[in-house]
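Student: My questions all concern the structure below.
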Ligand code: SUG
């Protein structure tokens with residue numbers, strides 16, 4: 001069956017700012033309290049979507065979530081009208097208020113884990129929204145993300161699952177810790193789940209945000225065949241060096257796994273298991289980046305692996321869509337030049353500018369959720385969430401109308417930001433087919 005890979009990018013929301021919320025994410029810590037540029041951020045994101053469309057790769061969009069989520073603040077005992085709730089939250093719990101304002105739903109690779117129908121026992125395309133339970137600001141995303149996914153994937157061929165239970169034993173960060181290898185998108189694949197800890201394990205150091213139990217539960221829900229499913233432990237060294245998700249040190253597409261030598265705890269066992277489970281389906285192509293060429297620290301600063309690895313229609317070698325920052329590291333560029341000059345599966349690198357997202361630890365790959373859809377499934381996606389030139393232009397003019405140019409820490413408590421954000425999101429529900437009741441503020445009268 002023919003199938004295409006569609007990248008659904010998170011549209012960067014109007015409250016994009018740098019709050020230093022993610023322990024273990026070095027960029028987020030480094031840029032804490034920097035002045036953010038929400039308008040540039042959103043336009044950079046749309047420009048990246050346009051680049052992919054120009055390569056012939058279909059592109060979709062996920063809406064930003066409502067920030068702050070008022071129900072969360074009210075559950076913490078803040079009362080009054082929305083303005084009073086917001087002001088009271090800032091007066092007594094400013095860190096909680098900053099968590100409530102995060103535009104982190106932009107990182108769509110953490111929205112869900114997706115298994116194409118070719119891998120699932122019931123022949124449906126399964127999506128499990130992530131619970132993102134490790135970080136407070138991200139733990140607020142799951143229910144609204146599920147709602148968005150149900151609007152987009154509303155048809156018969158789809159199964160959208162709620163996030164896993166919020167307990168630490170089931171910590172799940174979605175597709176950022178999931179890879180799929182296959183002969184071609186529509187063929188059965190080998191799904192690789194990467195975890196940082198067991199559910200009951202207490203590690204020291206930076207948090208491991210994905211558990212083995214969560215991975216197993218996702219595989220069960222999706223009806224994956226154990227003969228084509230691999231569970232891999234991420235190396236502790238990678239987590240300690242700042243790889244808070246697997247997609248900071250590895251990326252896969254079709255037959256190719258592009259990874260850092262120190263990405264996995266037991267590399268030899270991982271490669272052997274993938275090769276064994278792929279037997280009869282395809283020959284995997286392992287492209288390993290040795291630590292001697294690109295030390296882990298350089299890989300994480302340059303974000304080389306947080307690239308989109310793309311098989312473009314008609315191209316004979318794959319393209320890596322890398323962040324501009326990868327050009328700034330001599331060791332990374334040295335490796336990339338040598339790789340392109342060889343005759344491996346990756347034949348080109350294109351650099352994109354997503355600097356505003358990068359400063360919070362989100363590269364090109366973080367901004368997209370990949371959905372492999374067979375022809376009938378693609379046709380069943382709610383029209384209007386797939387981009388064409390006209391809709392991309394409509395989103396750009398929406399951003400130019402509603403977004404602030406800059407957002408500094410001192411601007412965040414301003415209740416007019418709350419009102420502006422609502423006006424923006426309300427207008428968005430007329431650009432994307434979200435309906436007039438998608439956001440909570442549209443459903444409640446305060
Ligand atoms: O979860 N940053 C995000 C970046 C997510 C990147 N995603 C992937 N690797 N797939 C995170 O750490 C920082 C927000 C702040 O500090 O304001 C943040 O949430």
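The values are calculated or read from the model by the stated rules, or taken from the named source; none is laboratory data. What you see is a predicted model; the values in this text were computed from it and never measured. Please note: Cβ atoms are built from the backbone with ideal geometry, for glycine as well, and neighbour counts cover all protein chains shown.
Student: Please verify whether the range 391-403 includes one or more residues that are closer than 30 Å to residue 254 by Cβ and over 21 Å from the mean Cα position of the chain (by Cα).
Tutor: Checked against the condition, which is being closer than 30 Å to residue 254 by Cβ and over 21 Å from the mean Cα position of the chain (by Cα), the range 391-403 yields at least one hit.
Student: Of the numbered conditions (1) touching a residue at least 60 places away in the same chain (Cβ under 8 Å); (2) farther than 22 Å from residue 238 by Cβ; (3) over 22 Å from the mean Cα position of the chain (by Cα), residue 285 fails exactly one; give the number of that condition.
Tutor: (2)
Student: So, in the range 392-427, how many residues would count as being over 16 Å from residue 101 (Cα atoms) and either free of Cβ contacts under 8 Å to residues at least 24 places away in the same chain or surrounded by fewer than 18 Cβ atoms within 10 Å (Cβ to Cβ) (or both)?
Tutor: Going through the range 392-427 one residue at a time, the tally reaches 10.
Student: I need the full set of residues from the range 16-37 which are over 23 Å from residue 174 (Cα atoms), touching a strand residue (DSSP E or B) at 6+ places or on another chain (Cβ under 8 Å) and within 12 Å of the ligand (Cβ to nearest atom), in order please.
Tutor: Of everything in the range 16-37, just one residue is over 23 Å from residue 174 (Cα atoms), touching a strand residue (DSSP E or B) at 6+ places or on another chain (Cβ under 8 Å) and within 12 Å of the ligand (Cβ to nearest atom), namely 36.
Student: How many of the residues in the range 336-357 are more than 23 Å from residue 6 (Cβ to Cβ) and surrounded by fewer than 21 Cβ atoms within 10 Å (Cβ to Cβ)?
Tutor: 9
Student: Tell me, yes or no, whether the range 41-56 has at least one residue that is free of Cβ contacts under 8 Å to residues at least 40 places away in the same chain, farther than 19 Å from residue 306 by Cα and either crowded, with 19+ Cβ neighbours inside 10 Å or near the ligand (Cβ under 10 Å from one of its atoms) (or both).
Tutor: no
Student: Still on this structure, I have one more. Can you confirm whether residue 114 is buried (at least 17 other Cβ atoms within 10 Å of the Cβ) and more than 16 Å from the ligand (Cβ to nearest atom)?
Tutor: Spelling it out, it is not the case that residue 114 is buried (at least 17 other Cβ atoms within 10 Å of the Cβ) and more than 16 Å from the ligand (Cβ to nearest atom).
Student: Going by the conditions given, is residue 291 in contact with a strand residue (DSSP E or B) (Cβ under 8 Å, 6 or more places away or on another chain), modelled with pLDDT of 95 or more, crowded, with 17+ Cβ neighbours inside 10 Å and not in a helix (DSSP H, G or I)?
Tutor: Here the answer is no, as residue 291 does not meet what is asked.
Student: Looking at the range 367-383 only, could you name the residues that are farther than 22 Å from residue 353 by Cα and modelled with pLDDT of 95 or more?
Tutor: Matches in the range 367-383: 371, 372, 373, 374, 375, 376, 377, 378, 379, 380, 381, 382.
Student: Could I ask something else about it? For the structure I just gave you, tell me whether residue 176 is touching a residue at least 60 places away in the same chain (Cβ under 8 Å), under 23 Å from residue 303 (Cβ atoms), within 16 Å of the ligand (Cβ to nearest atom) and not in a loop (DSSP other than H, G, I, E, B).
Tutor: Spelling it out, residue 176 is indeed touching a residue at least 60 places away in the same chain (Cβ under 8 Å), under 23 Å from residue 303 (Cβ atoms), within 16 Å of the ligand (Cβ to nearest atom) and not in a loop (DSSP other than H, G, I, E, B).
Student: Could you tell me whether residue 188 is closer than 17 Å to residue 369 by Cβ and either surrounded by 22 or more Cβ atoms within 10 Å (Cβ to Cβ) or touching a strand residue (DSSP E or B) at 6+ places or on another chain (Cβ under 8 Å) (or both)?
Tutor: no
Student: Quick one: which helices (runs of 4 or more DSSP H) sit completely within the range 68-158 and have at least 1 residues that are modelled with pLDDT of 95 or more and within 25 Å of the chain's Cα centre (by Cα)?
Tutor: Because the criterion is at least 1 residues that are modelled with pLDDT of 95 or more and within 25 Å of the chain's Cα centre (by Cα), the helices (runs of 4 or more DSSP H) in the range 68-158 that meet it are 70-75, 94-101, 136-139, 142-152.
Student: Search the range 184-195 for residues being part of a loop (DSSP other than H, G, I, E, B) and either at pLDDT below 95 or closer than 18 Å to residue 308 by Cα (or both), and hand back the single one that is farthest from the ligand (Cβ to nearest atom).
Tutor: Within the range 184-195, the match that is farthest from the ligand (Cβ to nearest atom) is 184.
Student: Under 6 Å between Cβ atoms, which residue pairs at least 6 apart in sequence (or on different chains) link something in the range 136-163 that is within 16 Å of the ligand (Cβ to nearest atom) with a partner that is assigned to a strand (DSSP E or B) and at pLDDT 95 or above?
Tutor: 142/129; 145/129; 163/129
Student: Please specify each residue of the range 275-287 satisfying the condition of being outside any loop (DSSP other than H, G, I, E, B) and in contact with a strand residue (DSSP E or B) (Cβ under 6 Å, 6 or more places away or on another chain).
Tutor: 277, 278, 285, 286, 287
Student: Does the range 97-109 include one or more residues that are surrounded by fewer than 18 Cβ atoms within 10 Å (Cβ to Cβ) and within 16 Å of the ligand (Cβ to nearest atom)?
Tutor: Looking through the range 97-109, none of the residues is surrounded by fewer than 18 Cβ atoms within 10 Å (Cβ to Cβ) and within 16 Å of the ligand (Cβ to nearest atom).
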